[in-house]
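Asker: Pasting a structure here, questions to come.
The values are calculated or read from the model by the stated rules, or taken from the named source; none is laboratory data. Treat the numbers as computed from the prediction; the structure is a model and nothing was measured. Please note: Cβ atoms are built from the backbone with ideal geometry, for glycine as well, and neighbour counts cover all protein chains shown.
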Amino acid sequence: MQSPSRQNIASGAPWEESIGYSRAVRVGNVIEVAGTTATDGETTIAVGDMYGQTRFILQKIEKALQQAGAGMQDVVRTRLFVTDISQWEAVGRAHGEFFGQVKPATTMVEVKALIRPDLLIEIEVTAIIAS
């Protein structure tokens, strides 16, 4: 039996090579998108704005999914790591704008910190392309 092919999707982030990770990985019809934050190279986007960071991240995720041959409609799972759970409504509003009709299984948890203090949220997703 032949193993499904593997496609690594790079974003061009400087850490991908030094740390050894991909923005997304597609194996067969399953796509895993790595934890994604509101950064554009070295700059944090929407500093202090949970809603703005969430929207920016979901746009980055959408681009990675497109590179893997999928779209937001294929997302079956989202995981949201927030540094302030009291801002869940801002996160939920942005999440709903992208997934209101898709309704993936979703988890949101508060974490002590992310890799940089100005990052408020990190999101990862799983997508499955229907055959």
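Asker: In the range 38-48, what residues are among the hydroxyl-bearing types (S, T, Y) and surrounded by 17 or more Cβ atoms within 10 Å (Cβ to Cβ)?
Answerer: Passing the criteria: T39, T44.
Asker: Being under 13 Å from the mean Cα position of the chain (by Cα), crowded, with 21+ Cβ neighbours inside 10 Å and outside any helix (DSSP H, G or I): is that true of T78 here? Break it down stepwise before answering.
Answerer: Values: under 13 Å from the mean Cα position of the chain (by Cα): yes; crowded, with 21+ Cβ neighbours inside 10 Å: yes; outside any helix (DSSP H, G or I): yes.
Criteria met by T78.
Asker: Here's something else I'd like to know. Could you list, in sequence order, the residues of the range 89-104 that are basic (K, R) and assigned to a loop (DSSP other than H, G, I, E, B)?
Answerer: K103
Residues checked against (1) touching a residue at least 60 places away in the same chain (Cβ under 8 Å); (2) among the charged types (D, E, K, R):
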| site | (1), (2) |
| --- | --- |
| S11 | no, no |
| E17 | no, yes |
| Y21 | no, no |
| V25 | no, no |
| T39 | yes, no |
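One line per residue, one yes/no per condition, for (1) within 16 Å of A46 (Cα to Cα); (2) surrounded by 19 or more Cβ atoms within 10 Å (Cβ to Cβ):
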site	(1), (2)
I85	no, no
A94	yes, yes
E122	yes, yes
V125	no, yes
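Asker: Here's another thing I want to ask about it. May I ask you to list the residues in the range 49-68 that are free of Cβ contacts under 8 Å to residues at least 12 places away in the same chain and under 9 Å from the mean Cα position of the chain (by Cα)?
Answerer: Correct list: Q59 only.
Asker: Looking at the range 13-23, which of the residues that are in contact with a strand residue (DSSP E or B) (Cβ under 7 Å, 6 or more places away or on another chain) and not polar (S, T, N, Q) is surrounded by the fewest Cβ atoms within 10 Å (Cβ to Cβ)?
Answerer: This residue is Y21.
Asker: Please go through the range 105-120 and pick out each residue that is surrounded by fewer than 18 Cβ atoms within 10 Å (Cβ to Cβ), in contact with a strand residue (DSSP E or B) (Cβ under 9 Å, 6 or more places away or on another chain) and not in a strand (DSSP E or B).
Answerer: Start the filter on the range 105-120 by keeping residues that are surrounded by fewer than 18 Cβ atoms within 10 Å (Cβ to Cβ), which leaves 105-118.
Subset that is in contact with a strand residue (DSSP E or B) (Cβ under 9 Å, 6 or more places away or on another chain): 105-111, 114-116, 118.
Result: V111, L114, I115, R116, D118.
Asker: Tell me, yes or no, whether the range 24-37 has at least one residue that is loosely packed, with under 13 Cβ neighbours inside 10 Å and farther than 24 Å from I129 by Cβ.
Answerer: Taking every residue of the range 24-37 in turn, none turns out to be loosely packed, with under 13 Cβ neighbours inside 10 Å and farther than 24 Å from I129 by Cβ.
Yes or no, residue by residue, for (1) modelled with pLDDT of 95 or more; (2) within 25 Å of I9 (Cβ to Cβ):
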| position | (1), (2) |
| --- | --- |
| S86 | yes, no |
| A90 | yes, no |
| E97 | yes, yes |
| T107 | yes, yes |
| R116 | no, yes |
| E122 | yes, yes |
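Asker: Next question, about the same structure. Only residues that are out of contact with any helix residue (DSSP H, G or I) (no Cβ under 9 Å at 6 or more places or on another chain) and part of a strand (DSSP E or B): list them for the range 9-25, please.
Answerer: Result: V25, single match.
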